[in-house]
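Have a look at the structure below before the remarks.
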Number of protein chains: 2
Amino acid sequence: MIEPLAPGATIGILGGGQLGRMLSVAAARLGFRTHIFEPGVEPPASHVAHATTTAAYDDSAALAAFADAVDVITYEFENIPTGALDLLELHRPIRPNRRALAVSQDRLTEKEFLQDLGLATAPFATVHTQDDLQAALAQIGTPAILKTRRFGYDGKGQVRLNTANEPATALADLKGASAILEGFVDFTCEVSIIAARGLGGEVACFDPGENVHRDGILRSTTVPARLTTAQRTDAVLLAGKILNALDYAGVMGVELFVTATGLVVNEIAPRVHNSGHWTQNGCTIDQFEQHIRAIAGWPLGDASRYADIEMKNLIGDDIDDVLELAKETATAIHLYGKAEPRPGRKMGHVNRIIPGS
Amino acid sequence: MIEPLAPGATIGILGGGQLGRMLSVAAARLGFRTHIFEPGVEPPASHVAHATTTAAYDDSAALAAFADAVDVITYEFENIPTGALDLLELHRPIRPNRRALAVSQDRLTEKEFLQDLGLATAPFATVHTQDDLQAALAQIGTPAILKTRRFGYDGKGQVRLNTANEPATALADLKGASAILEGFVDFTCEVSIIAARGLGGEVACFDPGENVHRDGILRSTTVPARLTTAQRTDAVLLAGKILNALDYAGVMGVELFVTATGLVVNEIAPRVHNSGHWTQNGCTIDQFEQHIRAIAGWPLGDASRYADIEMKNLIGDDIDDVLELAKETATAIHLYGKAEPRPGRKMGHVNRIIPGS
């Protein structure tokens with residue numbers, strides 16, 4: 001049994017974006033201090049953190065000093081360079097663990113892991129060369145998506161292939177990165193489940209939310225999702241299976257396709273997840289605090305939902321509407337403190353409580 | 001019409017305690033940065049603030065630099081030295097305004113202000129000398145409380161007089177501070193109403209909460225308070241009257257005694273208030289965000305309540321129970337990041353959502 005972290009302890013967070021920012025606030029609510037590690041200057045999380053280290057992930061001295069200044073290390077994104085993790089874990093525990101990161105950093109490893117657990121995924125094939133790609137297209141059919149195995153997010157590192165005749169430029173677009181071809185899944189809707197596992201092995205899941213993506217970016221999540229009771233139960237069980245298999249500690253986002261033949265796992269994210277932002281205004285304990293509780297060895301919080309909510313991301317110029325949004329009743333605004341609203345940039349989100357819920 | 005503050009602007013907060021800390025988090029949620037001014041080293045608010053100035057309230061250079069670094073100035077406590085305010089307001093607007101501070105800093109001015117508005121207060125008399133005190137006791141009777149006119153909080157600066165025979169040491173205990181004698185009010189319960197007024201003059205009130213004090217310190221607030229509809233309406237109307245009379249911007253806490261003959265105003269606090277902490281888990285917009293919206297010139301948020309709540313302060317060693325509290329369902333923990341749990345020190349609070357509400 002690992003001793004729970006006492007209030008006053010410091011939680012190190014790799015990555016200083018909006019997820020790190022909201023984790024930092026949640027940690028403070030439980031009396032913890034936070035220390036952000038982030039290469040970019042003045043990241044959003046630094047505005048609400050106790051300390052910030054601005055350094056690159058290959059700066060060994062900065063990494064070691066950061067690790068020594070904190071009690072436990074967590075992260076807001078999965079693409080942390082392996083070298084940095086190797087160094088950090090010599091000093092302090094990293095939670096969620098390395099295995100969760102290894103699985104989720106690589107689309108091939110992730111798919112194989114999920115299939116080994118008996119979970120359904122999109123059909124896929126590994127692609128190194130043009131010949132691989134032709135063979136994969138013949139096997140999987142079109143439309144299909146060629147994806148880099150690593151470092152993709154928000155639709156980046158992906159090329160859609162509508163016919164088998166356009167592979168040449170597709171592979172070139174990925175600039176030699178290791179890739180997989182993924183077949184399309186015929187789904188009725190996309191949902192995600194935000195699940196947490198404590199250091200003692202207990203699991204708590206938030207109610208699944210229904211997601212709408214556009215241009216590869218999440219636009220909205222609505223709870224409850226349109227799922228049958230059986231589908232809802234399936235979602236919880238498969239999330240628990242994944243967490244247990246990884247001996248996971250923390251919050252994980254599991255994206256699912258809802259199909260006529262059951263739930264298909266799209267991808268897993270070993271961290272708090274954009275599709276779980278609704279929990280800030282729909283639950284007593286939100287996903288951010290749940291993650292902090294889990295990695296701190298605290299009891300997991302009550303994940304029950306008390307309202308129906310629509311979470312809508314504010315992307316790019318959407319933030320210009322903020323004073324209009326502020327006039328709405330039962331609407332909570334969450335901004336990320338980013339300086340410039342660039343197209344496709346997540347600037348904030350709103351949680352709208354659905355009347356009568 | 002004053003232009004609303006745009007996200008990215010900086011809000012200066014005088015005082016770095018738990019109220020400043022929770023204001024800072026609320027400001028960040030709306031995309032603002034915060035800058036704390038506080039004489040004490042490493043105050044709780046600094047853990048979640050963008051910048052902190054550690055300096056005394058008579059350090060003119062530090063005050064000027066602080067003011068120049070922010071867009072608007074607010075505060076978490078009312079006993080700010082006048083000299084500091086005089087200097088600060090040469091640089092930036094102070095909200096709530098000086099009049100609100102002047103009224104609430106001095107128990108005599110406060111009582112006279114309230115009576116001028118036609119509101120009921122406890123009977124009181126000014127006391128400078130032993131003769132004044134004897135005369136006041138003869139007029140008001142016992143039990144009564146001798147209170148310093150300025151700088152009292154959490155029961156400090158108060159002496160209770162149970163009979164007319166003990167005044168000599170009482171006045172000595174106040175060490176020559178200017179004082180008033182207040183008569184006891186025969187009340188059935190104590191409630192408070194957290195009210196907000198925007199820069200444009202609009203008013204929004206949270207539902208009154210019922211308070212329990214022990215040893216002069218607030219222990220719990222429960223919403224809803226046991227009030228009749230008429231009493232509830234009275235509370236809202238009198239709060240609005242006070243805010244309008246002061247041309248107030250921000251959140252104010254108004255403490256009331258509920259008596260057989262109506263509501264009696266105990267005191268007003270020109271700031272967010274301990275008895276409004278329940279709003280963090282009972283409303284979409286809590287008192288901290290409401291205050292930030294008001295002083296930033298934003299539309300006030302929806303103050304409606306969606307749950308019944310008991311807020312309980314964690315005082316001194318109460319914080320040792322935090323891991324037990326973390327196991328409770330529908331219970332939100334809010335800790336202040338203070339290092340040592342001293343007796344009487346507010347270390348945090350919990351908001352318990354009352355089942356079935």
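The values are calculated or read from the model by the stated rules, or taken from the named source; none is laboratory data. All values reported here derive from a predicted model rather than from experimental measurement. With ideal geometry, Cβ positions are generated from the backbone for all residues, glycine too; neighbour counts draw on all protein chains shown. Side chains are part of the model used for accessible areas, which takes the heavy atoms of the whole protein and leaves out ligands, DNA and RNA. Shrake-Rupley method; radii C 1.70, N 1.55, O 1.52, S 1.80 Å.
Report yes if some residue within the stretch B:106-122 is assigned to a strand (DSSP E or B) and more than 23 Å from B:Val258 (Cβ to Cβ); otherwise report no.
Residues of the stretch B:106-122 assigned to a strand (DSSP E or B): B:121.
Imposing the further condition that a residue be more than 23 Å from B:Val258 (Cβ to Cβ) reduces the set to none.
Scanning the stretch B:106-122, I find no residue that is assigned to a strand (DSSP E or B) and more than 23 Å from B:Val258 (Cβ to Cβ), so the answer is no.
Can you list the strands (runs of 3 or more DSSP E) found entirely within the stretch A:1-75 that contain at least 3 residues being among the β-branched types (Val, Ile, Thr)? Filter on the stretch A:1-75 gives A:10-14, A:51-54, A:72-75.
Can you confirm whether A:Glu110 is over 27 Å from B:Gly348 (Cβ atoms), modelled with pLDDT of 95 or more, crowded, with 20+ Cβ neighbours inside 10 Å and away from every other protein chain (no Cβ under 14 Å)?
Details: over 27 Å from B:Gly348 (Cβ atoms): yes; modelled with pLDDT of 95 or more: yes; crowded, with 20+ Cβ neighbours inside 10 Å: yes; away from every other protein chain (no Cβ under 14 Å): yes.
It is true that A:Glu110 is over 27 Å from B:Gly348 (Cβ atoms), modelled with pLDDT of 95 or more, crowded, with 20+ Cβ neighbours inside 10 Å and away from every other protein chain (no Cβ under 14 Å).
Does at least one position in the stretch A:32-46 carry a residue that is within 11 Å of chain B (Cβ to nearest Cβ) and of a type in the set (A, V, I, L, M, F, W, C)? Within the stretch A:32-46, one or more residues are within 11 Å of chain B (Cβ to nearest Cβ) and of a type in the set (A, V, I, L, M, F, W, C).
Residues in the stretch B:48-68 that are open to solvent by 10 Å² or more (accessible area, probe 1.4 Å) and within 14 Å of chain A (Cβ to nearest Cβ): B:His50, B:Ala51, B:Thr52. Residue count for the stretch B:291-324, restricted to those that are open to solvent by 10 Å² or more (accessible area, probe 1.4 Å) and among the polar types (S, T, N, Q): 1. One residue alone among B:Leu243, B:Leu237 is modelled with pLDDT of 95 or more, open to solvent by less than 20 Å² (accessible area, probe 1.4 Å) and among the hydrophobic types (A, V, I, L, M, F, W, C), and that residue is B:Leu243.
If I ask for residues that are among the small types (Gly, Ala, Ser) and buried (at least 24 other Cβ atoms within 10 Å of the Cβ), which ones from the stretch A:246-266 would you list? Can you show your working first?
The initial filter retains those residues of the stretch A:246-266 that are among the small types (Gly, Ala, Ser), namely A:249-250, A:253, A:260, A:262.
Hits for the stretch A:246-266 are A:Ala249, A:Gly250.
Can you name the number of the only condition in (1) hydrophobic (A, V, I, L, M, F, W, C); (2) more than 20 Å from A:Glu110 (Cβ to Cβ); (3) touching a strand residue (DSSP E or B) at 6+ places or on another chain (Cβ under 7 Å) that A:Leu238 fails? Looking at each condition in turn, A:Leu238 falls short on (2). When you look at A:Ala225, is it crowded, with 18+ Cβ neighbours inside 10 Å, closer than 24 Å to A:Phe113 by Cα and of a type in the set (A, V, I, L, M), yes or no? The answer is no for A:Ala225. Scan the stretch A:127-142 for residues that are open to solvent by 50 Å² or more (accessible area, probe 1.4 Å) and not in a helix (DSSP H, G or I) and the total you get is 3. Output yes when any residue across the stretch A:284-291 is assigned to a loop (DSSP other than H, G, I, E, B) and under 26 Å from A:Ala102 (Cβ atoms), and no when none is. Checked the stretch A:284-291: no residue is assigned to a loop (DSSP other than H, G, I, E, B) and under 26 Å from A:Ala102 (Cβ atoms). Give me a count of the residues in the stretch A:8-17 that are within 11 Å of another protein chain (Cβ to nearest Cβ) and crowded, with 24+ Cβ neighbours inside 10 Å. The qualifying residues number 0. Among the residues of the stretch B:153-167, is any in contact (Cβ under 8 Å) with a residue 40 or more places away in the chain and among the aliphatic types (A, V, I, L, M)? Looking through the stretch B:153-167, none of the residues is in contact (Cβ under 8 Å) with a residue 40 or more places away in the chain and among the aliphatic types (A, V, I, L, M).
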